[in-house]
Amino acid sequence: MAALTDMLLLLVLLANFAVLAASRLTFTIRAAAAQGILLGLLPLLLHGPWSAESLLLAGGTVAIKGILLPGFLLWAMREAAVRREIEPSLGPLGSIAAGVLAVGLGFVLAARLPLAGAGGPALLVAASFATLLTGFIVLTTRQKAMTQVVGYLLLENGVYLFGLILAGRVPLLVEMGVLLDLVVGVFIMGLVLFHMNRELESLDSARLAELRD
Amino acid sequence: MSLQVLVLVPLAGALVTALDPHRSRRLAWLLVAAAMHLALIGLAWRGGLAESRWLWLTFDPLGGLVLTLVSVVFLAVAAYSVGYVRRETPRGGRLFESCLLGFLAASSVVCLTDHLGILWVAIEATTLATAPLIYDPHDRHSIEAVWKYLLLCSVGIALALLGTFMLALAQDPSRAAPSLLRSALLRAPHLDPVWFKAAFVFLFVGYGTKVGLVPMHTWLPDAHGEAPSPISALLSGALLNVAFLAILRVVQVAHAGGQARLIGPVLVGFGLASMLVAGALLFRQRNYKRMLAYSSIEHMGILAVGCGLGQVATFGALWHMLGSSLAKALLFFVSGNVLIAYRSKRIADVSGLVRRLPVSGTLFVLGFLALTGMPPFAPFMSELLLLRGAVGSGHPWVAGGFVAIQVVIFAGMVTRIVRMAQGEPETPDRPRESSWLLVPPAALLGLVLVLGVYLAPPLERVLGVAASTLGGVAP
């Protein structure tokens, strides 16, 4: 079981690098979707035995993070005729270097926190921080509003990974509430992107710079 | 009846208004739900509403205080909206009333829940409920404002969730299973200092983004400046306090768990920085709504300073939360009236306000005097108490910096206000003002005055009990 868990966590890290290295928007969204599916499966491996609750939550996470939200973003991209190129302010090589730093920092932080009583594998915490930081890299170095939504998804995935340490002790109602907030949040972001495209004829958040002091 | 009704009444209102095609009926629902909410809070204060296991709802003095403030501001927003939509048609249609009531339901959960996970979910829900309201004008500027608001606040709040998880891990695992219940955390005999520090950093940065503390404030002037005026009043007078309550919940846990020495200086530092930066940027504003937005940041900074100092300063900060919030909401209402009459948000385009709109103009000037801490209004009294606390607890330099910033801000704002209020209006007409647009700000001004002149003993008691859970004492 432990080997399989570590394997999945490494795949999660790989998805981060896929997002950082990608030059096409559709690919970054698909990479985030793959990460979402992995995240849904992880709690089943980490915390047995399975109950109806844990299966429901795993199914919900896979459906929302892996299928519904990425599908919505891909659909919105098609409908709003967003160009596929990413146009980052940090090139693929620089992005990957930043990603490596993020993983390194993740391990450093995981080693510094007193995890003895927490009961999760150290790799889990490292992967959580690495994914969180990757989300920040995407949020700060990508100009397109759509890519920033993907960055937000990665960030949320990082927090979700950290929450797995506590899994079983966070009530189902809270987990469901977090997922619901995510769905509604991304949905509203998608709608704003739609209007943005109509008003500004571009989904480039760098052009959103009229409000300043 | 249990505390659930405080959530269910606005939630039912949100559903009904989402389905009702008639604007006037929707506004009636909005008013009825707002009034019922306030009445039910009165019942809750008298112990008439039982605790509820659904969403872990409990009623405590601090949460009750913030919720009462939210409900009062909300009722004023609802009444003002009746007059506002007759002049300016919100483009959101049914979403306008529905999202307003959705915000009230989510805020009630934030103020009442004992579970820090539910608190997080509800805070994010307030962001989502207010986003369509900010975007209501549907123009370039409001798109930019809502995009920044959504992205920055969602990212910030995601960090707060991480902090919430870490807080659960700060409990001693050998004694109790990690819990996210506030009541369990308050009873925890020992909190691990490393986990608590990590948790506090993420919670403070996360919820601090929503409060608009510097340097996480960049979304706030855009959102408050571009939103329709009643929404600006709601954001400034209600939402910021709801977000600040989330930070105060962590402060409560810190005091109960013996970690208070860590967080006091952080609150004071970020508070003073917010006051300073907001004060400096306030001078560069040519737009009166943005000027008010920076003033909001400044006042949230004051609250953080007061709660960081402890002792009587905390009591002063909670008192200041009431007075400054009512004053901010009233000024955003009046700035809406100015915008309707002058059709410009630029300070330079407004002159002769007192002649052209006698009632709004007078309210504008008095509101500014109240907000900038002139006697006999409540902010004067609460800031005085806060200064007494700063000096009394051995922080004279905090008091000195505080006074210096306040004097500079007053000087900066007063020149702009005088320019807007005095002189001859460019057009001689005197538009008739609807009483729906005048009574809510006038009522709030009355409240700010009463809170300053006479602090009723029951309110003083509640402020004292709430302050004592935050390391404060009654004067």
Those residues of the stretch B:159-172 which are farther than 14 Å from residue B:204 by Cβ, at the interface with chain A (Cβ under 9 Å from one of its Cβ atoms) and not acidic (Asp, Glu) amount to B:165, B:168, B:169
When every residue in the stretch A:1-30 that is among the small types (Gly, Ala, Ser) and assigned to a helix (DSSP H, G or I) is compared, the one surrounded by the most Cβ atoms within 10 Å (Cβ to Cβ) is A:15
In the stretch A:19-58, anything free of Cβ contacts under 8 Å to residues at least 60 places away in the same chain and under 17 Å from residue A:74 (Cα atoms) is listed as A:26, A:27, A:30, A:31, A:33, A:34, A:37
Within the stretch A:161-187, the count of residues that are closer than 20 Å to residue A:16 by Cα and either more than 9 Å from chain B (Cβ to nearest Cβ) or touching a Phe, Trp or Tyr at 6+ places or on another chain (Cβ under 8 Å) (or both) comes to 5
Okay, helices (runs of 4 or more DSSP H) sitting entirely in the stretch B:176-263 with 1 or more residues that are in contact (Cβ under 8 Å) with a residue 60 or more places away in the chain, open to solvent by less than 10 Å² (accessible area, probe 1.4 Å) and more than 14 Å from every other protein chain (Cβ to nearest Cβ), I get B:193-211, B:229-234, B:240-256
Taking the stretch B:89-105 and keeping residues open to solvent by less than 10 Å² (accessible area, probe 1.4 Å) and small (Gly, Ala, Ser) leaves B:105
For the stretch A:34-52, the count of residues that are open to solvent by 10 Å² or more (accessible area, probe 1.4 Å) and either within 20 Å of residue A:103 (Cβ to Cβ) or assigned to a helix (DSSP H, G or I) (or both) equals 9
Item to complete: Would you check if there is a residue in the stretch A:59-74 being free of Cβ contacts under 8 Å to residues at least 24 places away in the same chain, open to solvent by 30 Å² or more (accessible area, probe 1.4 Å) and outside any helix (DSSP H, G or I)?
Response: no
Taking the stretch A:188-206 and the residues there that are facing chain B (nearest Cβ under 9 Å) and open to solvent by 10 Å² or more (accessible area, probe 1.4 Å), the one that is modelled with the lowest pLDDT would be A:205
Over the stretch B:293-312, the set of residues part of a helix (DSSP H, G or I) and either touching a Cys at 6+ places or on another chain (Cβ under 8 Å) or open to solvent by 10 Å² or more (accessible area, probe 1.4 Å) (or both) is B:308, B:309, B:312
Here is a check on your reading of the model: is residue B:114 more than 30 Å from residue B:461 (Cβ to Cβ), within 14 Å of chain A (Cβ to nearest Cβ) and either within 18 Å of the chain's Cα centre (by Cα) or not polar (S, T, N, Q) (or both)? no
Matching residues in the stretch B:13-27 (open to solvent by 50 Å² or more (accessible area, probe 1.4 Å) and either modelled with pLDDT of 95 or more or not hydroxyl-bearing (Ser, Thr, Tyr) (or both)) number 7
Worksheet item: Has the stretch B:44-53 got at least one residue that is at positive phi and either open to solvent by 10 Å² or more (accessible area, probe 1.4 Å) or among the aliphatic types (A, V, I, L, M) (or both)?
Response: yes
Checklist entry - Looking at the stretch B:59-71, is at least one residue within 14 Å of chain A (Cβ to nearest Cβ), assigned to a helix (DSSP H, G or I) and surrounded by 24 or more Cβ atoms within 10 Å (Cβ to Cβ)? => result no
Only one of B:415, B:427 is part of a helix (DSSP H, G or I), of a type in the set (Ser, Thr, Tyr) and at pLDDT below 95, namely B:415
Only one of (1) open to solvent by less than 10 Å² (accessible area, probe 1.4 Å); (2) within 14 Å of chain A (Cβ to nearest Cβ) does not apply to residue B:284, and that is (1)
Check your understanding: Quick check: is even one residue across the stretch B:362-381 open to solvent by less than 20 Å² (accessible area, probe 1.4 Å), in contact with a Ser or Thr (Cβ under 6 Å, 6 or more places away or on another chain), modelled with pLDDT of 95 or more and within 27 Å of residue B:79 (Cα to Cα)?
Key -> yes
Among the residues of the stretch B:119-150, the number that are open to solvent by 20 Å² or more (accessible area, probe 1.4 Å) and either in a helix (DSSP H, G or I) or without any contact (Cβ under 8 Å) to a residue 12 or more places away in the chain (or both) is 7
Of the listed residues (B:77, B:82), the one being of a type in the set (A, V, I, L, M), closer than 23 Å to residue B:335 by Cα, at pLDDT below 95 and assigned to a helix (DSSP H, G or I) is B:82
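The values are calculated or read from the model by the stated rules, or taken from the named source; none is laboratory data. As the structure is a computational prediction, the values presented were derived from the model and not from experiment. Glycine also receives a Cβ, built like all others from the backbone with ideal geometry; neighbour counts cover every protein chain displayed. These area figures cover heavy atoms from the full protein model, side chains too; ligands, DNA and RNA do not enter into them. Shrake-Rupley method; radii C 1.70, N 1.55, O 1.52, S 1.80 Å.
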